[in-house]
Structures are given as C-alpha cells and as structure tokens.
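Since the structure comes first, as structure tokens, the remarks are kept for the end.
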Amino acid sequence: QKEVEQNSGPLSVPEGAIASLNCTYSDRGSQSFFWYRQYSGKSPELIMFIYSNGDKEDGRFTAQLNKASQYVSLLIRDSQPSDSATYLCAVNRDDKIIFGKGTRLHILP
Amino acid sequence: DTAVSQTPKYLVTQMGNDKSIKCEQNLGHDTMYWYKQDSKKFLKIMFSYNNKELIINETVPNRFSPKSPDKAHLNLHINSLELGDSAVYFCASSQSDAQPQHFGDGTRLSIL
C-alpha cells in the first residue's frame, strides 16, 4: 500500500460548485496533514493544515480529517477557474513529510 | 521579500558535469529540505537538515551532497550528472519537521 494515495484525476468541476479532493494514508501514527496547491511550472503552496479530527475551515477551503478511517479531504466551495491546479496531500511519517502524487483539478467555466 | 530563495532557476548542462544549487531562507526556520520532482510530478524528499545537522538522507546516490553552512542555508552539490537527474529540485523550510513547509521557486535541471 502506498503511503499517501490520491486519485490523479483530472477532476472536472463546474465553476461555482464544490470540489472534493480525497487522500488516504497508511501510517496510523501520522499526526500532521497538509494540503498544497501547485500550479503548472510553479512551486507547491500551502493551502491548509490540520492536526485534529474533524473539520477546519479557512475561507472557501475546508479540510476534513478522520484518523480512524485514515483519510483527509479538502473541499473547495464556490470553485473558481483560478482553483485549477494540482493539489498535493502531505502527511508526516516519523520525522518527514510524505507527499501524495497529487490530484489535478480542472474548474470548468 | 522572498522567504525561500534558490538559485539558479534554470540549469542546463552536459552529462558528467558537476553543478551546485543554492538555497537560502529568511524565515528563521530550523529545518530545511531538498526535494526532487520528476516528469511525473511526484515530489520526493531527498534530504532534511535541522539546524545544520543532517536528519534525513533518503536513498539518494552519493553523487548528491548537501551542505548547510548555517541554518539559513542548504546547498546541493551534484557530481557526475546523469540524464536521470533531469528534474525540478525544490528547496523548502519549516519551523520543525512536522510543521508546514515553505517552498522555493524550484531549479529546473536539464541534462543534455
């Protein structure tokens, strides 16, 4: 089983709708969870981080963590064309951060 | 002000050459990293330093040698470059190993 798994996509979502991105991880001891956005040709940019079970909201973004089921998700409300990017899920294991391969999100105008 | 800066942005060189990439952060972070992102966009950690001390050394060929003169700098030297080294190399920093990371703009290395 891969350490951090994401559906590679592309995930196509109409503008204004909710985009839902999912990530599962294998290490039950993981404590820190991150979502990064990466535009083509650019560096990863931190969107959200979450440490506790439940939801964490920041503007149009909501991170959801379920440690029992070992998944973390990112919801983007009122999707905009500028949200089109690759979203990387990252999880800590021991003393390092492991990245998933990313989900390509395409917002349809 | 640039938080994590790395130079050069582009590096085109021939197989067999030796090259270096420099990285500096002005965030006061204790931990710095080097990542490699290949053509399939998979971001993989190579090295991690905490306050100038090597913490993580993944299964990277010993042609790659990181150097941290102080906690604000982490440079990467690569000897005898090979075609498979072509990738984008990202430097990053964080306050500690489980904290959010801030990335530099990347160095696109192309081996001819």
Measure off 7 Å from each Cα along the Cα-to-Cβ vector at B:ILE55 and B:HIS73, then give the distance between these two points in nanometres to one decimal. 2.1
Average partner chain C-beta neighbours within 10 Å, per residue of A:91-99? 5
Per-residue ³J(HN,Hα) for the stretch B:93-110, Karplus 6.51 cos²θ - 1.76 cosθ + 1.60, θ = phi - 60°, Hz, x for Gly and Pro: 9, 8, 5, 8, 6, 10, 9, x, 9, 10, 9, x, 6, x, 10, 8, 9, 10
For B:LYS40, give me every one of the aspartates and glutamates with a C-alpha distance below 17 angstrom, ignoring sequence neighbours fewer than eight places off in its own chain. A:GLU5, B:ASP85
Looking only at other chains, what is the average number of their beta-carbon atoms within 10 angstrom of each beta-carbon in B:95-106? 5
Counting only other chains, what is the mean number of Cβ atoms within 10 angstrom of the Cβ of each residue in peptide A:45-56? 1
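Taking the protein assembly as shown, how much of its Cα-Cα pair set, in percent, is spaced more than 26 angstrom apart? Display every interim value, and only then the final one.
On the way: 9010 of 24310 pairs.
The calculated P(r) of the protein assembly as shown puts 37 percent of pairs beyond 26 Å.
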Expressed as a whole-number percentage, the relative contact order of chain A with C-alpha contacts under 8 angstrom and at least six residues apart is 38
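Quick one: putting +1 on the C-beta of Lys and Arg, -1 on the C-beta of Asp and Glu, what dipole do you get for the stretch B:27-112 around its Cα centre, in Debye to the nearest 20?
On the way: 9 positive and 9 negative charges, 35 e Å.
In total the dipole reaches around 180 debye.
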Taking the convex hull of the alpha carbon atoms in chain B, what volume per residue do you get, in Å³? 93
Go through the stretch A:10-19 residue by residue and turn each phi into a ³J(HN,Hα) via Karplus (6.51, -1.76, 1.60, θ = phi - 60°); whole Hz please, and just put x for glycine and proline. x, 9, 9, 10, x, 4, x, 8, 8, 9
Mean Cβ count within 10 Å, highest first, over the residues of peptides B:66-75, B:103-112, A:54-63: B:103-112, B:66-75, A:54-63
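Calculate, for B:LYS40 and B:VAL12, the FRET efficiency according to 1/(1 + (r/R0)^6) with r their C-beta to C-beta distance and R0 22 Å; round to the nearest 0.05.
FRET efficiency, B:LYS40 to B:VAL12: 0.55.
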Give, as a single signed number, the net charge of other residues whose beta carbon lies under 13 Å from the beta carbon of A:PHE61, with Lys and Arg counted +1 and Asp and Glu -1. -2
For A:SER8, what charge total do you get from the other residues with a beta carbon under 13 Å from its beta carbon, if Lys and Arg give +1 and Asp and Glu give -1? +4
First select every other residue whose beta carbon is under 9 angstrom from the beta carbon of B:PHE90; then total the charges, Lys and Arg +1, Asp and Glu -1. 0
Pairs of alpha-carbon atoms within less than 8 angstrom and 6+ residues apart define the contacts here; what relative contact order does the stretch B:1-53 have, in percent? 29
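Any read-out appearing in this document is the output of simple, stated calculations on the displayed coordinates, not a laboratory observation. Treat the numbers as computed from the prediction; the structure is a model and nothing was measured. Here Cβ is always computed from backbone atoms with ideal geometry, including for glycine, and neighbour counts include all displayed protein chains.
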